[in-house]
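Input: a single structure, listed below in structure tokens.
Computed from the coordinates by the stated procedures, all read-outs in this text should not be read as laboratory data. Everything numeric in this text was worked out from a predicted model, so none of it was measured. Every residue, glycine as well, gets a Cβ built from its backbone with ideal geometry; the counts of neighbours run over all protein chains shown.
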Amino acid sequence: MARGSTFSFLLLSGGVGRRTELSYPKQFHLINGHPMLAYAIIAAIQVDEIDEIIVNCPPGFEEQTENILEAYAASKDHMIVPTGATRQESTRILVENARNDHVILHEAARPVISPDKIVSLIRTERPNVSYCQPIHFSMCSVDPQSHKLLARVDRDTTMNIQLPQKFARTHLAKAHEEARRRRLIYTEDAMLCAEVGGFDVFFEPGWNTNIKITTGDDFRFAESVLQGYRIDE
């Protein structure tokens with residue numbers, strides 16, 4: 001990758017968070033006094049290679065999202081784009097609006113993110129890289145209908161895919177175009193890029209606290225991890 005490359009930071013923030021049992025989308029929930037959405041934004045604005053931030057949001061929350069961007073990302077170009085019907089469609093819309101040849105894809109539901117983690121991705125030579133975390137517990141495949149256990153899953157060759165992820169924009173765009181043409185549905189973009197796009201995707205070691213906020217217990221975990229985390233507004 002050429003030195004001096006600039007990146008678009010694509011932030012998935014369009015979910016409604018039903019499993020958190022909140023009356024509003026979870027990305028607007030306060031963690032230690034700041035909306036969860038802010039943590040990814042503030043990490044991104046501290047990375048020199050990132051020159052634009054693109055965020056999607058649920059219908060009806062455009063003004064609230066814009067207010068957060070103005071409060072936390074005023075120093076970078078930023079825009080809000082519509083949310084798609086699926087996560088995959090939302091990512092495709094984000095990619096279509098990116099102006100740079102390289103993108104960092106992240107999601108607001110992973111607030112335990114720091115600038116150095118983004119920089120580490122950017123400085124890897126390969127164009128398509130995802131954080132992945134080793135799995136330290138036993139897993140198996142099952143038949144969901146009968147509840148029968150079928151086979152063990154080899155932990156040595158199985159990893160938990162995490163975000164952020166780095167992609168060559170054209171690679172990710174072509175993968176999404178092909179998935180759309182073939183009516184394939186993926187819930188994550190590294191494997192979409194590899195399996196559907198046919199592009200090599202590599203991994204860097206992830207970190208244990210990089211969880212996706214899904215339940216109320218996850219919020220309490222994030223509050224503990226992010227206690228004392230400084231955000232300069």
Mind checking which of C57, A190, L37 is farthest towards the positive end of the chain's charge dipole, using Cβ charges of +1 (Lys, Arg) and -1 (Asp, Glu) about the Cα centre?
-> A190
Distant-in-sequence amide H partners of N160 (H built 1.01 Å from N, under 5 Å) | Q133, I135
Between T209 and Q133, how many nm apart are label points set 7 Å from Cα along the C-beta direction?
-> 1.2
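Place the peptides 178-188, 43-53 in order of packing, highest mean first, counting for every residue the other Cβ atoms within 10 Å and averaging per peptide.
On the way: 178-188: 12.9, 43-53: 19.1.
Per-residue Cβ counts within 10 Å, averaged per peptide and sorted highest first, yield 43-53, 178-188.
Please tell me the relative contact order of the chain in percent, rounded to the nearest whole number, where contacts are Cα pairs under 8 Å and at least six residues apart.
23
Provide the packing ranking of 71-82, 155-166, i.e. peptides ordered by the mean count of other C-beta atoms within 10 Å per residue, highest first.
Numbers: 71-82: 15.7, 155-166: 17.6.
My ranking of the peptides, most packed first, is 155-166, 71-82.
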Taking the Cα centre of segment 1-76 as the origin, how large is its charge dipole in debye, to the nearest 20, when only Lys and Arg (+1) and Asp and Glu (-1) carry charge on their Cβ atoms?
-> 340
Local electrostatic count, F219, Cβ distance below 13 Å [Lys/Arg +1, Asp/Glu -1] = +1
Do any of K117/K174; K26/K174; K166/K212 go past 22 Å between their Cα atoms, and which?
-> K117/K174; K26/K174
Read through the labelled values (1) 142; (2) 130; (3) 155 and report the label of the one computed as volume of the Cα convex hull per residue in Å³ from the structure.
-> (1)
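Which order results if S120, S90 are arranged by neighbouring Cβ count within 10 Å, fewest first?
S120, S90
Based on DSSP, what percent of beta bridges with both residues in segment 28-137 are antiparallel, to the nearest 5?
Close to 25 percent.
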At a Förster distance of 35 Å, what's the computed FRET efficiency of S5 paired with F221, Cβ-Cβ distance as r, to 0.05?
-> 0.50
Set the Förster distance to 35 Å, then compute FRET efficiency between E96 and H147 from the Cβ-Cβ distance, nearest 0.05.
-> 0.25
Give me the net charge of R180's neighbourhood, meaning all other residues with Cβ under 15 Å from the Cβ of R180; Lys, Arg count +1, Asp, Glu -1.
-> 0
State, to one decimal in nm, how far the label point of E62 lies from the label point of A85, with both points 7 Å from Cα in the Cβ direction.
-> 2.1
Work out the length of the dipole vector of segment 148-200 about its Cα centre, built from +1 on the beta-carbon of each Lys and Arg and -1 on the beta-carbon of each Asp and Glu, and round it to the nearest 20 debye.
-> 220
Out of L121, C132, M79 - ranked by how far each Cα lies towards the positive end of the dipole of segment 28-163, with unit charges on the beta-carbon of charged residues - the top one is C132
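If the only charges are +1 at each Lys and Arg Cβ and -1 at each Asp and Glu Cβ, what is the size of the charge dipole of the chain around the Cα centre, to the nearest 20 debye?
It works out to roughly 700 debye.
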